[in-house]
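As structure tokens, the structure follows; a few thoughts come after it.
Every number in this text was worked out from the coordinates using simple rules, so none of it is lab data. This one's a predicted model, so the numbers in the text were calculated from it and none came from an experiment. Note that we place each Cβ from the backbone using ideal geometry, even for glycine, and neighbour counts take in every protein chain shown.
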6 protein chains.
Amino acid sequence: MSNKWLKSLQTDTAQDGFELAIKLARMGVKYTQPSDEVRNRLRADYAENADSLTAASQVVAINFQTVAAANGYWR
Amino acid sequence: MSNKWLKSLQTDTAQDGFELAIKLARMGVKYTQPSDEVRNRLRADYAENADSLTAASQVVAINFQTVAAANGYWR
Amino acid sequence: MSNKWLKSLQTDTAQDGFELAIKLARMGVKYTQPSDEVRNRLRADYAENADSLTAASQVVAINFQTVAAANGYWR
Amino acid sequence: MSNKWLKSLQTDTAQDGFELAIKLARMGVKYTQPSDEVRNRLRADYAENADSLTAASQVVAINFQTVAAANGYWR
Amino acid sequence: MSNKWLKSLQTDTAQDGFELAIKLARMGVKYTQPSDEVRNRLRADYAENADSLTAASQVVAINFQTVAAANGYWR
Amino acid sequence: MSNKWLKSLQTDTAQDGFELAIKLARMGVKYTQPSDEVRNRLRADYAENADSLTAASQVVAINFQTVAAANGYWR
């Protein structure tokens, strides 16, 4: 991926960090499936499937561990 | 998400921390499926499915690792 | 959940910590499915399914990481 | 579980630690399905299923993280 | 695998680290399925499956935890 | 398992560490299914299944976290 999408793991707030974790989860998908059109089509399906949503939330949780540690848990 | 829903990872007690982990797990879903109506409909199904419940508990467990570390394990 | 079920992550022994991890895994389910009757019914099924049992053991393992760290690994 | 099966997370060697991780994974199952007869019957099935074996290995890996940290990685 | 593909976990930037995590995830597959032809064929399928993409993103997230820790989170 | 297969988590290089993580993932399977014949038969199947390969890569990633931490990330 040639463009620059991740400058730092530092965020101002915990919520910003959670939203960065969501971005990381989505980028993990995008590197495998670069087509916006395909990803949007797939999202229509999995956003209506409880197990798919739980799985998505799990990837966010794992990335949030990383971002939170990187920020010293915003203490 | 424009509103502010996460102010801090600090909680007074371990149980409050566990409940924050549950909130994080649910917010991880909500960012993908913002519709309250859809999420409530899906919950009716997965709350009766053992594997779905185990998966949900796993996401809570991962988020609880983060919250517990952020609080120095309430020692 | 109004009642107090988690006072501390500190336990006297490693085995007590493992059993607390099991409790955390079950509470992660209970927050999503509060009905004792439904959970007991579901347990009858998944307790006879190898993959469900492995998944349950995984949630315990994740929670045990948290509890063990909270206790300095009982060293 | 009334009997004492886990005395410590400390082991003499890394391999002993890995074997303790296996024990923890199995105990995570046993607390949910206490019947030796049922577990042995289920094992006959999942020991012939590649995905089930991978899932079992994953639970061992998670527990091994805990045991290895508890032992300072046997350095 | 006889050739040298991993020199270090150190990267200049967080984004380089994320891309190394992707490489680690792919190498984890390659050690089990060394055939480029088979892996490319399989990718055509799973790149159109939402759950497969989420699972792939999860492996990246786990590897990114390792790479980020190795780099002190690029602070 | 009577023979000695794991002497240490220390490795000279990051790549050696990744390969040790693969060995740990495979040993996690072998303790449950000791038969080389059965494991080889199963491998023929799952090595052609994208989701199985992703799951295998995930177990490697988890074990690599352990090995990398044990080696101070080869810094």
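When only residues in the stretch B:17-38 that are touching an Asp or Glu at 6+ places or on another chain (Cβ under 9 Å) and in a helix (DSSP H, G or I) count, which is surrounded by the fewest Cβ atoms within 10 Å (Cβ to Cβ)? Filtering the stretch B:17-38 for residues that are touching an Asp or Glu at 6+ places or on another chain (Cβ under 9 Å) and in a helix (DSSP H, G or I), the one surrounded by the fewest Cβ atoms within 10 Å (Cβ to Cβ) comes out as B:Val38. E:Asn63 meets the conditions (1) within 7 Å of chain A (Cβ to nearest Cβ); (2) closer than 22 Å to A:Pro34 by Cβ; (3) touching a Phe, Trp or Tyr at 6+ places or on another chain (Cβ under 9 Å) in every case but one. The failed one is (1).
Does D:Ala14 satisfy the criteria of being more than 16 Å from C:Asp16 (Cα to Cα) and free of Cβ contacts under 8 Å to residues at least 60 places away in the same chain? First the steps, then the outcome.
Working: more than 16 Å from C:Asp16 (Cα to Cα): yes; free of Cβ contacts under 8 Å to residues at least 60 places away in the same chain: no.
No.
Each residue in the stretch F:1-16 was checked for being surrounded by fewer than 19 Cβ atoms within 10 Å (Cβ to Cβ) and either within 15 Å of E:Met27 (Cα to Cα) or small (Gly, Ala, Ser) (or both), and 4 of them qualify. Considering only the stretch D:66-75, I want to know if a residue exists there that is within 12 Å of the chain's Cα centre (by Cα) and closer than 16 Å to C:Trp74 by Cα. Taking every residue of the stretch D:66-75 in turn, at least one turns out to be within 12 Å of the chain's Cα centre (by Cα) and closer than 16 Å to C:Trp74 by Cα. Picking from residues in the stretch B:1-51 that are touching a Leu at 6+ places or on another chain (Cβ under 8 Å) and β-branched (Val, Ile, Thr), the one that is farthest from the other protein chains (Cβ to nearest Cβ) is B:Thr11. Residue-level check: of (1) farther than 30 Å from B:Ala44 by Cα; (2) within 9 Å of chain B (Cβ to nearest Cβ); (3) crowded, with 22+ Cβ neighbours inside 10 Å, A:Ser57 misses just (1).
The residue that is farthest from C:Gln15 (Cα to Cα), among those in the stretch C:61-75 that are crowded, with 21+ Cβ neighbours inside 10 Å and in contact (Cβ under 8 Å) with a residue 60 or more places away in the chain, is C:Ala70. Of all the residues in the stretch E:17-60, those that are in contact (Cβ under 8 Å) with a residue 12 or more places away in the chain, over 9 Å from the mean Cα position of the chain (by Cα) and within 15 Å of A:Met27 (Cβ to Cβ) number 1.
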